[in-house]
Amino acid sequence: MAKTLINDKRLTPTMKRIRSGSTQLFREENPNNRSFISNENADVILTHDTDKAMYAELIDGEWYWVSGCAECIGKPRGTSYIECDEHDVCSCCGISRKEIEGSVWGGRHGWICPSCHDAKKLEARQRAFQKLNGNEPDTHYTDNPTCPHCGTEHDINYVNENTTLECYVCEGGFEIEVNWTPSYTTTVVGERLTH
Ligand SMILES: [Zn+2]
Ligand SMILES: [Zn+2]
Ligand SMILES: [Zn+2]
């Protein structure tokens, strides 16, 4: 359901509305009161009965419930944390957010659950070592620091001093020594020759 009229006679088109999670706070505008709308001073407080992704929006002078869930309104899933229960699922295995205790891993196309995250990590690690096929990775004078354990290239924007790092793929520790490529500056000895 993308949009439904809110049947509440207390609401007027001149009210201001703020969102606090899935709670909607309404208050009549008052030029003499510049304080923020809060639970204490709101005229009307509403939460959608069944869908936590619904928020109130004034459309042509009437208040509607509008879905803040990207997928409900036909958009690709993004990084938003406001999703309806149906779509608030791990983008990898589909487990519902309600079934997970604690936090999840954010993703550009929806979050992933801790066990999918761990599985992906293990997969990446195995892939890296398989690629090496028992050989030692080439770690000398490379464009990016390369993990000497698993061969993963670490795309670091700028490392200008020797440092140590933990590989995000294999979690192995390693040291980075920065190699400088020489460049040259010259100045005239004696008098400048022009011809
Ligand atoms: Zn949805
Ligand atoms: Zn999952
Ligand atoms: Zn590594």
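Just so it is clear, none of the values below were taken in a lab; they were calculated from the coordinates. Keep in mind that what you see is a predicted model, and the values were worked out from it rather than measured. Cβ atoms come from the backbone with ideal geometry, glycine included; neighbour counts cover every protein chain shown.
Consider all pairwise Cα distances in region 136-181 and report the whole-number % of them above 15 Å. Intermediate results must be reported in sequence, preceding the final value.
Details: 364 of 1035 pairs.
Of all Cα-Cα pairs in region 136-181, 35 percent lie more than 15 Å apart.
Place +1 on the Cβ of every Lys and Arg and -1 on the Cβ of every Asp and Glu in the chain, take the dipole about the Cα centre, and give the residue among L122, P137, T79 whose Cα lies farthest towards its positive end.
T79
Before anything else, pin down the relative contact order of the chain: Cα pairs under 8 Å, at least 6 apart, normalised by residue count, whole percent.
Taking the mean separation of contacting Cα pairs over the length of the chain, I get 11 percent.
Under a point-charge model restricted to the Cβ atoms of Lys and Arg (+1) and Asp and Glu (-1), what is the dipole moment magnitude of region 3-67 relative to its Cα centre, in debye to the nearest 20? Write down the numbers at each step before the final one.
Details: 9 positive and 10 negative charges, 32 e Å.
Using only the charged Cβ atoms, the result is roughly 160 debye.
At q = 0.12, 0.15 Å⁻¹, what is the base-10 log of I(q)/I(0) for the chain according to the Debye formula with one equal point scatterer per Cα and no solvent? Please give it to two decimals.
Taking Cα atoms of the chain as identical point scatterers yields -0.81, -0.98.
Considering only N179, H109, T194, whose Cα is most displaced toward the positive end of the charge dipole of the chain, charges sitting on Cβ of Lys, Arg (+1) and Asp, Glu (-1)?
Of the options given, the answer is H109.
Enter the angle in degrees (range 0 to 90, nearest 10) between the Cα long axis of helix 114-132 and the first principal axis of the Cα atoms of the chain, meaning the one along which they spread out most.
Helix 114-132 sits at roughly 20 degrees to that axis.
From the square roots a ≥ b ≥ c of the eigenvalues of the alpha-carbon gyration tensor of region 3-67, which class results: rounded (a/c under 1.5), prolate (a/b over b/c), or oblate?
It is oblate, given that a/c is not under 1.5 and a/b is not larger than b/c.
Arranged from highest to lowest average of other beta-carbon atoms within 10 Å per residue, in what order do the peptides 94-106, 70-82, 13-25 appear?
Per-residue mean Cβ counts within 10 Å order the peptides as 13-25, 70-82, 94-106.
Is there a quick way to get the dipole size of the chain? I mean about its Cα centre, with the Cβ of Lys and Arg at +1 and of Asp and Glu at -1; what is the value in debye to the nearest 20?
Using Cβ point charges on Lys, Arg, Asp and Glu, the chain gives about 580 debye.
Going by how many other Cβ atoms sit within 10 Å of their own, how do V189, V178 line up, fewest first?
Listed from fewest to most nearby Cβ atoms, that is V189, V178.
Report, in debye and to the nearest 20, how large the dipole of region 89-131 comes out about its Cα centre when Lys and Arg carry +1 and Asp and Glu carry -1 on their Cβ.
Dipole size: approximately 260 debye.
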